[in-house]
Amino acid sequence: MYPKNTVYIIGNAQSQQKNPITHIYNMFFIGLVVDRETGYIVDAGASGTIPITSEFIKSIFVGKNIEKDGDEIASEVETRYFGSSQKAIMVAFKDAQKKYFQIKKGDKVDI
């Protein structure tokens, strides 16, 4: 389904205690399929309580570049996503971004 030059990265974040995602998963997760060579996000998913949450988050991330579009992604999350996981989305993205850069450098990735 995905080309061999892609990698799958999970970013983790704590979400608010009142958040239903916390009650189900204990954390917020975002999964990104990234082209290792270009940095473009080719697919995305997120933990959520209803499927539209993951689909909406996917629409923000797919087609963006994990290396270069962090500010654009942050702006879209801030101006388009009005759920209690807003901050957790950005923390999880930063965690995934950190792992991506470790992969690019050839460092061991903490899982």
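Looking for whichever is under 25 Å from residue 5 (Cβ atoms), at pLDDT 95 or above and touching a Lys or Arg at 6+ places or on another chain (Cβ under 6 Å) here; the options are 41, 60. Which one fits? Step by step, each of 41, 60 is checked, and only 41 is under 25 Å from residue 5 (Cβ atoms), at pLDDT 95 or above and touching a Lys or Arg at 6+ places or on another chain (Cβ under 6 Å). Counting only residues that are over 17 Å from residue 64 (Cβ atoms) and either charged (D, E, K, R) or open to solvent by 100 Å² or more (accessible area, probe 1.4 Å) (or both), how many does segment 94-111 have? The qualifying residues number 5. When residue 28 is tested against (1) at pLDDT below 90; (2) touching a Leu at 6+ places or on another chain (Cβ under 7 Å), just one condition goes unmet, and that condition is (2). If you filter segment 75-90 down to residues that are open to solvent by less than 30 Å² (accessible area, probe 1.4 Å) and within 10 Å of residue 28 (Cβ to Cβ), you find that the one that is modelled with the lowest pLDDT is 85.
The values are calculated or read from the model by the stated rules, or taken from the named source; none is laboratory data. All values derive from a computational prediction rather than experimental measurement. Cβ coordinates were reconstructed from backbone atoms using ideal geometry, including for glycine residues, and neighbour counts include every protein chain displayed. These area figures cover heavy atoms from the full protein model, side chains too; ligands, DNA and RNA do not enter into them. Shrake-Rupley method; radii C 1.70, N 1.55, O 1.52, S 1.80 Å.
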